[in-house]
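Laboratory data are not the source of any read-out in this text; all were calculated from the coordinates shown. Model, not experiment: these values are computed from the prediction. Positions of Cβ are backbone-derived with ideal geometry, glycine not excepted, and every protein chain shown enters the neighbour counts.
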Amino acid sequence: MHHCYIKISIVIPAHNEEAFLPKSLAAIELAKKNSPLEIEIIVVLNRCTDGTEKIARDFGANLVYEDARNLAQIRNAGLAEAQGDILMTIDADSYMHPMTFADVVEKLDSRQFIGGGCLVLPERYSLGIFASMIVLFPHLAKHQVSFGCFWFTRAAYEATGGFDPTFITVEDVDFAVRLKRYGKTLGKRFGTLYRSRLTTSCRKFDKYGDWHMVKDPAFLKKVFEGKDRETGDRYWYEPDR
C-alpha cells in the first residue's frame, strides 16, 4: 500500500523519568514493529538530575534540552526538531499499544482526520480512581476531545501554532480543542484511537491518594483553568517530579 507520509516523529517530555521511561520506550519499540513508516523518537530532557538522559541515549533516541517549567514549551521544543511528516507526543509515564503507529497512519491516510488522541486507561483500578474518572469526565466531555497520545500532521501543527505556553496546565486539552477547530475548517474530524488505547501510570494517585481529585474539587478547577503556577509546580514541575 502506498502511504501519503514517510516518517513519524514522536516527542516525549521527560523530567526525571528513569522509573518510567524504559517501559514507555519498550512499548514504542514494540509498536515500531507494526509501523509501515520510519519512526523518529525524540526525548526532551527537562532539568533531569537522574538517569533519564542515559536511558534515552542508550535507546538511541534523539535528545533535546529544554529547562522551562512549562509542558507546552517542552513539547514544542521537541516538535521543533522533529523531521517527520506525522508528529506525535506522549508522556514518559504512558505506554502505547502495539498498533498505535499503524492506526495513526491508517487514520491520517484516509484524509478524514486532522489528528487526534487516544482512549486512555489507568494501569490499575480502584474505587477512588474510578470516582476520579467520573469527576474528570465533565471537564473533558465539555470539549469532546481525547488526549494522552496526540497525533497530527506537520501541516496541522504549524497551522495551529503548536502548544500554547500561556497554559501552565491542560496545554494538551487546549491544543486538542484548537486542532479540532482547525480540522473543521478543512472538513476533517478529530479522531480517537479506541483499539490502540494508551495505558497511563497511576503515579499521581500513588503520591496523592486515589481519592485526591474527588476530595479537592478546587484543585481540579485550577488545573483546568490552566494558569495557576503554584498548582502546576506542585503537580508537574517541582524537583521531585
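Return the single residue from SER24, SER146, SER126 with maximal mean-square fluctuation; model: Gaussian network over the chain, springs between Cα atoms under 10 Å.
Residue with maximal mean-square fluctuation among SER24, SER146, SER126: SER126.
Give me CYS202, CYS48, CYS4, CYS149 sorted ascending by neighbouring Cβ count inside 10 Å, so fewest comes first.
Exposure proxy ranking, most exposed first: CYS4, CYS202, CYS48, CYS149.
From largest to smallest, what semi-axes in whole angstrom does the range 1-138 give when each is the square root of 5 times an eigenvalue of its alpha carbon gyration tensor?
They are 24, 22, 15 Å, listed from largest to smallest.
So for the range 85-241, what percent of the C-alpha to C-alpha distances run longer than 21 Å?
Considering the range 85-241, 48 percent of its Cα-Cα pairs are separated by more than 21 Å.
For a footprinting-style exposure proxy, rank MET213, MET99 by other Cβ within 10 Å, fewest first.
So the residues, fewest neighbours to most, are MET99, MET213.
Taking Cα pairs under 8 Å and at least six residues apart, what relative contact order does the range 15-71 come out at, in percent?
Worked out over the range 15-71, it gives 42 percent.
Treating only the Cβ of Lys, Arg, Asp and Glu as charged (+1, +1, -1, -1), what charge dipole size does the range 105-241 show about its Cα centre? Round to the nearest 20 debye.
With Lys and Arg at +1 and Asp and Glu at -1, about 540 debye.
Please check: in the Gaussian network model of the chain (C-alpha springs, under 10 Å), which one of ALA155, ALA77, ALA61 has the largest mean-square fluctuation.
Result for the chain, Cα springs under 10 Å: ALA155 fluctuates most.
Taking the Cα of ARG234, stepping 7 Å toward and past its beta carbon, and measuring to each backbone N in the range 36-69: which are under 18 Å?
Once the point is set 7 Å along Cα→Cβ of ARG234, nothing inside the range 36-69 turns out to lie under 18 Å by backbone N.
Exposure proxy check: GLU230, GLU17 ranked by fewest other beta carbons within 10 Å?
The most exposed by this proxy come first: GLU230, GLU17.
Can you give the helix-only mean residue ellipticity at 222 nm for the chain, where every DSSP H stretch with n ≥ 4 adds -39500 (n - 2.57) and the sum goes over all residues, rounded to the nearest 500 deg cm²/dmol?
The helix-only estimate for the chain comes to -12000 deg cm²/dmol at 222 nm.
If you average the sequence gap of Cα pairs under 8 Å that are 6 or more apart and divide by the length of the chain, what percent do you get for the contact order?
Reported relative contact order: 23 percent.
Quick one: length gained pulling LYS54 to ALA141 fully straight, 0.36 nm per residue minus the C-alpha distance?
Here the answer is 27.4 nm.
How long is the gain from ASP206 to MET133 if the chain were fully straight, where each residue apart is worth 0.36 nm and the alpha carbon distance is subtracted?
24.8 nm
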